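Step one of this worksheet: look at the structure below.
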Amino acid sequence: MLIYKIFRTDEWDALQAAGQTKGAPIDLADGYIHFSTANQAPETAAKHFAMAEGLWLLAVDVDTLGEDLKWEVSRGGADFPHLYRMLHLSDILWAKPLPLVKGTHQFPLEMA
């Protein structure tokens, strides 16, 4: 199963340069890296990245994250994946731009 992380361009660039990250400011504040499932990602983008340009969608296979990945109740009572360790560049299967078209982020077909 794939899960997804949305990063701003500067956050994605920093991960590529350093090879690892503790995440975005919200992740640092909460003490874990927030991920979304394919079904949750569009709502995450709309709620936390409304009208933001320059976003990247990163895909990660849950099987590579081991016991550091916890599923916890969050928005709307749904279980969300949270990573309790650094995210490594080697964890990323792919990263694709998440363009904003007419006010809505356009997710890649690979998520379907």
- Straight-line reach from Lys96: which lysines have a Cα under 24 Å away, not including same-chain ones fewer than 8 places off? Lys5, Lys22, Lys47
- Mind checking which aspartates and glutamates have their Cα closer than 17 Å to the Cα of Lys70? Skip sequence neighbours fewer than 8 apart in that chain. Asp27, Asp30, Asp61, Asp79, Asp91
- For segment 4-12, in residue order, the Karplus 3J(HN,Hα) values (coefficients 6.51, -1.76, 1.60; θ = phi - 60°; whole Hz; Gly and Pro = x) are 10, 10, 9, 10, 6, 4, 5, 5, 5
- Message: Whole-Hz ³J(HN,Hα) for each residue in segment 61-77, computed from phi via Karplus 6.51 cos²θ - 1.76 cosθ + 1.60 with θ = phi - 60°, x for glycine and proline: what do you get?
- Response: 7, 4, 5, 7, 9, x, 6, 6, 9, 10, 9, 10, 5, 9, 3, x, x
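Read-outs throughout are calculated quantities, based only on the coordinates presented, and are distinct from any laboratory measurement. Remember, it's a predicted structure, so these values are computed and weren't measured experimentally.
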